[in-house]
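Q: A single structure is presented below for examination.
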Amino acid sequence: MKKFLLSLLLMTVAILVNAQTIVKGDMNNDGQATIADVTSLVNVVLGKTPMETVNASTSPFTVDNSYVAGTWYASDGTHFTLGDDGTTDFPGGSTYRFYLGQNRLLILNSSERAVLVIPIVEATSSYLLTVDYATGVPTYYTKSTSLATGISISPSPVSMNSGSTQQLTATLSPAGAFGSVAWTSSDESVATVDQNGLVTAVAGGTAIITATAGGSLKTATCTVTVTQMVTSITLSQTTVVLELDEFERLTATVLPENAVNKSVVWSSSNPDIAPVRNGRVDAYDYGTVVITCTAADGSGTIATCTIMIVEDKSGIGAQDGHFYVDLGLPSGTLWAMCNIGAENPEDYGDYFAWGETTGYNSGKTDFSWSTYKYCNGSGETLTKYNGNSGYGTVDNKTELELTDDAAYMNWGSNWRMPSREQFEELINSSYTTTEWTTQNGKNGYKITSKSNGKSIFLPAAGLRSGTSLYGGSGGNYWSRTLYASSPNLARILYFFSSSIYMHYYYYRYYGHTVRPVRVSQ
């Protein structure tokens, strides 16, 4: 019968070893799986009652119990005590033996039978690193004299603004007490807390943050009061055209409704042209100003409205935050009053390589073939917009796609870079007059409609090449049209003091200005 039981147990161990669910069957390093070894392993893996008594007194590897005596805590708060008299409160256990030479801790019941064998990977007087036979998962135990008898949180209480963060710290007592800390919030719609104690204020209200010490389950709380800040301001108008002595009253909608301080502060970028008082804007002089409405609660939330004051506002329109002029052209094309990146008609604005939508003002500092988006380092290695194999990859595209149109991508779906034909219509003497002039100290061309007298001003913004700006004496405005004969060039409107015309001379990598158009109101 005994041989049968031994065979059965050895077979069980063999199966478990083959399934790689245990480390090994040899428990005493003698090269064999003895009955004691098998008993321990079956007990650990299958939870069965041992059939053989482990005679701990025969082991030559017993160490002084004072070395391991104490209470040992895992990070989740679970713990057990090893007494210096050899007793233990390990579940199901009565006494223990720690075998350093064989790296095993044996938990014994009152009948001196092994109820658990714990493999030890590392052991010092302050910590144990164990491994589970079945899963191979390690567990760290730290030695301490006691569980936490108390816990406190600092700072406490806390007042926060919505959107801000605050680090809380939990302190266990007495000093040296062991235990993990779990953090929870009573209302995550007001404030959340991560497992490091970092609180994030979500919205106005009050939440209770609780820290719980593992093992002893002692708790401490912190009351967090969140002040709701302003998150958005919407103005009744975003673009307004006025004539001299007219006014516009702007109103602000401040959200959310439960914001504690919903008052706003008004300011004008140029009070000499158009001052603002409690939302009323008065037109004192010609020009363009930006009215800013700022939340007074310190949230930094703002909204803006652009005000343009002109001699005659008929034919001038509020679209997508940008002004346009109807020059009465046969095509119905509406021309923007400012370049992309400019606040006033005479400002130069931003500079773009042809087909690129990120300009100088957005971080492009070098305009050259080596930085151009649609080539491999030279004008003969084009990767897009090319109908000649001598210049690179051929796709026979001759006009910019919308995703490569700086006006469309920066101003919105109603705007485009002008085509060659739109530029030619703009400077056609049958429809407009062109005049080299100065406006607010900037040279440029004033183009005036012969049908309705409306005009736009194109400043002589020059161009960017490499890392330098060349300009002030002439203008270079990209069209969306390629120069098909030499596809490393694109069409531009070019002018200087004595002439204005369509040109194809400049390479696509140059940084030129862009004056957008709309096709209808």
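Q: Name every residue in the range 232-255 that is surrounded by 13 or more Cβ atoms within 10 Å (Cβ to Cβ), in contact with a Leu (Cβ under 9 Å, 6 or more places away or on another chain) and not in a strand (DSSP E or B), in order of residue number.
A: Matches in the range 232-255: S236, Q237, L250.
Q: While we're on this one: Quickly run through the range 424-433 and pick out the residues that are in contact with a Ser or Thr (Cβ under 9 Å, 6 or more places away or on another chain) and open to solvent by less than 60 Å² (accessible area, probe 1.4 Å).
A: E425, L426, I427, T432
Q: For the range 459-476, which positions are outside any loop (DSSP other than H, G, I, E, B) and either farther than 15 Å from P345 by Cα or in contact (Cβ under 8 Å) with a residue 60 or more places away in the chain (or both)?
A: Within the range 459-476, P459, L463, R464, S465, G466, S468, L469, Y470, N476 meet the criteria.
Q: Would the range 413-423 turn up any residue that is open to solvent by less than 30 Å² (accessible area, probe 1.4 Å), under 18 Å from D326 (Cα atoms) and acidic (D, E)?
A: The answer is no; no qualifying residue exists.
Q: For residues that are of a type outside the set (G, A, S), in a strand (DSSP E or B) and either without any contact (Cβ under 8 Å) to a residue 24 or more places away in the chain or open to solvent by 40 Å² or more (accessible area, probe 1.4 Å) (or both), tally how many sit in the range 477-502.
A: Going through the range 477-502 one residue at a time, the tally reaches 6.
Q: So G93 passes all but one of these: (1) modelled with pLDDT of 80 or more; (2) part of a loop (DSSP other than H, G, I, E, B); (3) open to solvent by 30 Å² or more (accessible area, probe 1.4 Å). Which condition number does it fail?
A: The one condition G93 does not meet is (3).
Q: Give the residue that is modelled with the highest pLDDT, with candidates limited to residues of the range 304-336 that are part of a loop (DSSP other than H, G, I, E, B), open to solvent by less than 20 Å² (accessible area, probe 1.4 Å) and within 28 Å of R249 (Cβ to Cβ).
A: For the range 304-336, the residue satisfying everything is F323.
Q: Which of the residues belonging to the range 256-270 are over 31 Å from the mean Cα position of the chain (by Cα) and open to solvent by 70 Å² or more (accessible area, probe 1.4 Å)?
A: Matches in the range 256-270: S269 only.
Q: Return the residue satisfying two criteria in turn: it lies in the range 376-412 and is open to solvent by less than 20 Å² (accessible area, probe 1.4 Å) and touching a residue at least 60 places away in the same chain (Cβ under 8 Å), and of such residues it is nearest to L469 (Cα to Cα).
A: Here the answer is A406.
Q: Given the conditions (1) open to solvent by less than 40 Å² (accessible area, probe 1.4 Å); (2) within 45 Å of the chain's Cα centre (by Cα), and given that T448 satisfies all but one, which numbered condition is not satisfied?
A: All conditions are met except number (2).
Q: Kindly indicate whether S370 is free of Cβ contacts under 8 Å to residues at least 24 places away in the same chain, within 14 Å of A353 (Cβ to Cβ) and open to solvent by 20 Å² or more (accessible area, probe 1.4 Å).
A: Here the answer is yes, as S370 does meet what is asked.
The values are calculated or read from the model by the stated rules, or taken from the named source; none is laboratory data. What you see is a predicted model, and the numbers here were worked out from it, not measured in a lab. Quick reminder, even Gly has a Cβ in these numbers, built from the backbone with ideal geometry, and neighbours come from all protein chains shown. For the accessible areas, the whole protein counts, side chains as well, though only heavy atoms, and no ligand, DNA or RNA atoms are used. Shrake-Rupley method; radii C 1.70, N 1.55, O 1.52, S 1.80 Å.
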